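So the structure is just underneath, and the comments pick up after that.
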Amino acid sequence: MAIPLMLVILLGAWLLICALFLPGGLSVELDMRAEWYTDRRAVMFYVIAAVTILAWMTESLHGLSANVIGFMAIVAMLVTRVMTGKDLAGLSWDVLWLVAGGIALGDGVGATGLDQWILNLFNWTSMPALAVVVLMGALGLALSNVISNSAACNLLVPLAMGLATSVGGLEPVTIAVVLALACSLGMSLPISTPPNAIAYATGEIATGDMAKIGLIVGIAGTAVLVLLMPMLWSAMGML
């Protein structure tokens, strides 16, 4: 369901960035050559990474949380000398704190009941289905720009799916997918999503430029999402 929207936004965002930031006549050469390392440390890393991903995907079977699994992976890499203390010291801790700050803000929104208060500001049952979809998409975009995308999605989707059952002509799956994708379009600040934080950590990206591009792409993408995608999904038999 997300692929058509992703293709449109990816192309539009790339053209926008090229138009605003790349000088005319600039040529870029990309070296795509890569080496497949096969020494002991590399092989150990491949094994640890594969086991970690498998453990994340089978959490329901063994009961270990994703946090514990991630910590165990770090311990395994330190024990096998794949990673050393110097590697830990070289991590971009400021980036990690940025991401953690967005998650913490999301936890605060949920713990204080701010998310429910925002939703209760509107009389959803008196609105037509299209208005609910548009407003939910706007709320998802707005909230995910100031807290973690994942946190915003986790807060809003369960509440919105409950509200959708009382709105005529609106399927809960529609509002869930719209909100999930709208939250993923929140990309105006470094705290919104880890890729933003990583780009910001390079020192080459100014917050103002990130906000400008993020707002344009977010608003345009959300408009396409709420106005066109439900009709496309229905035509493709996905709803």
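Read the figures in this text as sums done on the coordinates, not as results from a lab. Computed from a prediction, not measured in an experiment: that's the story for all the values here. Here Cβ is always computed from backbone atoms with ideal geometry, including for glycine, and neighbour counts include all displayed protein chains.
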Thr58 to Glu35: FRET efficiency via 1/(1 + (r/R0)^6), r the Cβ-Cβ distance, R0 25 Å, to the nearest 0.05? 0.20
Label zone at Ser65 (point 7 Å along Cα-to-Cβ), backbone N below 19 Å, the range 83-108: 97, 99-108
Can you tell me the relative contact order of the chain? Whole percent, Cα pairs under 8 Å, sequence separation 6 or more. 20
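Give the residue list of chymotrypsin sites (Phe, Trp or Tyr not before Pro) in the range 1-72 that are DSSP loop and have at most 11 other beta-carbon atoms within 10 angstrom.
Listed in order of number, the matching sites are Trp36, Tyr37.
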Whole-number percent relative contact order across the range 1-132, with pairs defined as alpha carbons under 8 Å at least 6 apart: 16
With Cβ to Cβ distances under 14 Å as the rule, what net charge do the other residues near Met77 carry (K, R +1; D, E -1)? +3
For the chain, cysteines with no other Cys Cβ under 4.7 Å from their own Cβ are listed as Cys18
Which FRET efficiency value, to the nearest 0.05, is calculated for Ser166 and Ala199 with the Förster distance at 41 angstrom and r the Cβ-Cβ distance? 0.50
Helix-only estimate, please: 222 nm mean residue ellipticity of the chain, summing -39500 (n - 2.57) across DSSP H runs of length 4 or more and dividing by its residues, to the nearest 500. -22000 deg cm²/dmol
Ignoring trypsin sites (Lys or Arg not before Pro) that are buried or in helix or strand per DSSP, and keeping those with at most 13 other beta carbon atoms within 10 Å, what is the longest stretch of the chain between them? 82-239
Relative to the first principal axis of the alpha-carbon coordinates of the chain, what is the inclination of helix 129-144, with its axis defined by its Cα atoms, in degrees from 0 to 90 and to the nearest 10? 30
Label-point gap, in nm, between Ala49 and Leu22 - each point 7 angstrom along Cα→Cβ: 2.8
Between helix 66-79 and the chain, what is the angle of the helix's C-alpha long axis to the longest principal axis, kept within 0 to 90° and rounded to the nearest 10? 10
Spelling out what I want: for every residue of the range 188-197, take phi, set θ = phi - 60°, compute 6.51 cos²θ - 1.76 cosθ + 1.60 (Karplus), and round to whole Hz; glycine and proline get x. 8, 10, x, 7, 5, 7, x, x, 5, 5
With θ set to phi - 60° and the Karplus curve 6.51 cos²θ - 1.76 cosθ + 1.60, what are the ³J(HN,Hα) couplings of the range 51-61 in order, to the nearest whole Hz, using x for Gly and Pro? 5, 5, 4, 4, 5, 4, 6, 10, 4, 5, 7
Note, ³J(HN,Hα) from phi for the range 37-43, Karplus 6.51, -1.76, 1.60, rounded to Hz, x at Gly and Pro: 6, 10, 6, 4, 5, 5, 5
